[in-house]
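First comes the structure, then the notes that go with it.
Laboratory data are not the source of any read-out in this text; all were calculated from the coordinates shown. Here the structure is a predicted model, which is why all the values come from computation and not from measurement. Positions of Cβ are backbone-derived with ideal geometry, glycine not excepted, and every protein chain shown enters the neighbour counts.
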Amino acid sequence: MTRSEYVKSIRSRIGHDLLQLPGVTAVIRDGEQFLLARHAHSGLWSLIGGAVEPGEEPSDAVIREVREETGARVRITAIVGAYGGEPMMVQYPNGDRVAYVTVAYECELLSPAVADLDELFEVGWFSRHEIADLPRREWIDRVLADTPEAPPR
């Protein structure tokens, strides 16, 4: 988990206490397959995303996060929804506690995705059925349930 200078400055004052952060999530699909990433800090699969920096537009943040974590370029096609609450709370291995409120964007992949091995173990494409069997962040089930079925090809 890389931390921005903004979060580092807050952590220097509050330690590991709960911090609520705005976030973004990319729902990247190819037909009925979704791109997921397995995170190095937890070993769990999840959608790609991260925190919105101060002054940053959420739409710019999702594009930046996908680029940072996978090297890929995306184009936003729709907003899926906004999510928060208990399922979005995380405790990182270093003890930092975070409650995210995230906006999920449906995105079109414009270039290949490769895992940034600092933050991710791997990336992969999975159907909704396959995702149900993965060790994952369970909040992604809510996001995928709100993502419309792919139009027929």
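Taking 0.36 nm per residue of separation and subtracting the Cα-Cα distance, what length does fully extending Glu138 through Val114 add?
In short, 6.3 nm is gained.
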(request) Pop a pseudo-label 7 angstrom from the Cα along the beta-carbon direction at both Asp146 and Ser12 and give the gap in nm to one decimal. (result) 3.5
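Once the Cβ-Cβ distance between Ala99 and Glu68 is put in as r, and R0 is 22 Å, what FRET efficiency do you end up with, to the nearest 0.05? Intermediate values should be presented prior to the final figure.
Values: r = 22 Å, r/R0 = 0.99.
It comes out at approximately 0.50.
Based on the Kirkwood radius over alpha-carbon pairs, what is the Stokes-Einstein translational diffusion coefficient of the chain at 37 °C with 0.692 mPa s viscosity, in µm²/s? Show your work: numbers first, answer last.
Values: Rh = 15.7 Å.
Calculated translational D: 208 µm²/s.
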(message) Could you derive backbone 3J(HN,Hα) for segment 126-131 from the dihedral phi with the Karplus parameters 6.51, -1.76 and 1.60 (θ = phi - 60°), listing whole Hz in sequence and x where the residue is Gly or Pro?
(response) 9, 7, 4, 5, 5, 4
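Where does each of 7-18, 131-142 land if you order them by average Cβ count within 10 Å, highest first? Could the numbers behind the result be given before it?
Details: 7-18: 11.5, 131-142: 15.1.
Highest to lowest by the protection proxy: 131-142, 7-18.
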(message) Taking 0.36 nm per residue of sequence separation and subtracting the Cα-Cα distance, how much length would be gained by fully extending the chain between Glu86 and Glu130, in nm to one decimal?
(response) 13.4 nm
(request) Give the angle, between 0 and 90 degrees and rounded to the nearest 10, that separates the Cα long axis of helix 58-70 from the longest principal axis of the Cα atoms of the chain. (result) 80
(message) Name the residue from Leu110, Ile79, Pro93 whose Cα lies farthest towards the positive end of the charge dipole of segment 28-114, charges +1 on Cβ of Lys and Arg and -1 on Cβ of Asp and Glu.
(response) Pro93
(request) Calculate the radius of gyration of the Cα atoms of segment 66-153 to one decimal place, then report Dmax, the largest Cα-Cα distance, as a whole number, both in Å. (result) 14.4, 46
